[in-house]
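Read through the structure below, which is laid out as structure tokens, and then see the notes.
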């Protein structure tokens, strides 16, 4: 996905001496497809521009996979903690980003990578000149590639970042009475001087390891922030939305809730504004106290990775300024995968970057080549607060424009034209076209045997279809276990959203089901044509908490190509023993080559199938060892498909 910031945007591959204007962007590469071959520290030096002011600095952390040499003992994927540090001369070595790697076992077979984007503007005071960087990889198994790039957007920031200093930085055992965590999280004195006008305590904390109570990875605990000995804020360290991860599905236990992190996500820092509690030239103390806890397994206690920093800024630069921070939808960015694709109701993220409260904003938005629509937002947004704005259904996003570019502009703020900083008032995204389905089709759901704890007596999963106004037009609730439902839906021309929620947040088909007692088995979900009853869309059952499909009906647009699925494959049984069945649906007679690889990327079986229509074919797997595999099916006239399966005998 390429984001283009309008108004004099110039993408540069430059030396630090290059001259730039507000809105121009400098890219600095720190690592380029660096293979991670062992645990530990990876150090390098990069040359950053000097003497420049940046409106925003973003770190692009691009993770990929590589095929390890044959015989490599530790080469795979897991939920490993990775940290990016800067090591400025005569200053603290500071963490600027923390990413937990995903369960990326299938990334080799699918040639997948992911760009995690982290706002590192807090460290603008040290991100200049010859600068040492450290990438820390905490994992016993490797096979990842790393690309690190800085996107440095010139312009005037909301405030000038003046300094950053460490308060704490370390991995500390939690619940161990012989070495309590509070022995490390001690009260510390600090002082700052003018021209500092704003000060923040920035905490990045994640729990790892596990005792008999699941602490620290699988237990929800809080911390208290104390300034001058008085508690000023309490934060719960828990992520309850891992099953809504945008990198999904993954292998492993990706959907489990965890202590402030999820596999394949940024560990987001928590900012505490302490400006009103402190003042220049006056010493104050900072203390972080974890919730009291004693581990029942003292020799095997988990812990918390705690990085706490004091971030100081100068006075705000604007009185009235609104920044468009990002376009959530429509957007082809995988970081917003669950929010896309759409055909109406665009969503954007905005931020008040001026000191005056924002109560009204008038936006105009359009698809490149099409007419613009307007939307007026009202609310109360204070300095540095963010909001998600849904622009409404006025503008259809399916007008046949070949560019698939969406534009949004701030026209008025608080009743006046524009604001004090025009360089953050415009944003553009590139998006994928929404799918087109017939006005009449079948929602096919084969329920598993997972009984809901939220709605006892019924299946965990239930679905609904809503129109562009959010009105439910079809739904299926209170479903029975191990039952097949075939619902014919008839929809007028319009834009719709199909949503299936799972109360257990583990989808309808998940590899770990086989280890449960009782085993709920696997369900399946798809859209079928009326005649012949072949799939229009088959959903991956490993969707976690929720799966969405946004679509429009076929007769709405004639200028968009038919976007029906050209091929569909389902595997059963999964896990397989000696036989794996492929259910294949294609729209044209064609050959298909399949390649089965193990988790290291090694090819273990290759074959060819001549297929037509809707057929079931059998592959012999009796020579495959127990474990996880991936099958890639390559068609002559359709897109390739890769699915994972397990062999268990």
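Worth pointing out:
- Here, the stretch 286-372 has an Rg and a Dmax of 22.1, 66 Å when only alpha carbons are counted.
- The mean of 1/r over all pairs of different alpha-carbon atoms in the stretch 69-144, once inverted, gives a Kirkwood hydrodynamic radius of 14.5 Å.
- Rg to Rh quotient for the stretch 219-286, alpha carbon positions, Kirkwood Rh: 1.17
- For the chain, calculated [θ]222 nm from helices alone, where every DSSP H run of n ≥ 4 adds -39500 (n - 2.57): 0 deg cm²/dmol
- Note on the stretch 434-565: the C-alpha convex hull projects to 8.2 nm² when averaged across all orientations.
- Part-to-part distance (alpha-carbon centres) for the stretch 187-252 and the stretch 434-454, which is given in Å: 38
- At 1.306 mPa s and 10 °C, Stokes D of the stretch 322-433 from Kirkwood alpha-carbon radius, µm² per second: 112
- With only the Cα atoms considered, the stretch 7-157 has a convex hull volume of 116 Å³ per residue.
- Fraction of antiparallel bridges per DSSP, the chain only, in percent to nearest 5: 95
- Relative to its residue count, the stretch 117-243 spans a Cα convex hull of 210 Å³ per residue.
- Across the stretch 164-306, Cα-Cα pairs farther apart than 22 Å form 45% of the total.
- Listed candidates [x] 99, 66, 48; [y] 76, 73, 43; [z] 77, 65, 51 - label of the one calculated as Cα extents along the principal axes in Å: [z]
Just so you know, all these numbers are worked out from the coordinates, no wet-lab data involved. All figures in this text were calculated on a predicted structure; none of them were measured in a lab.
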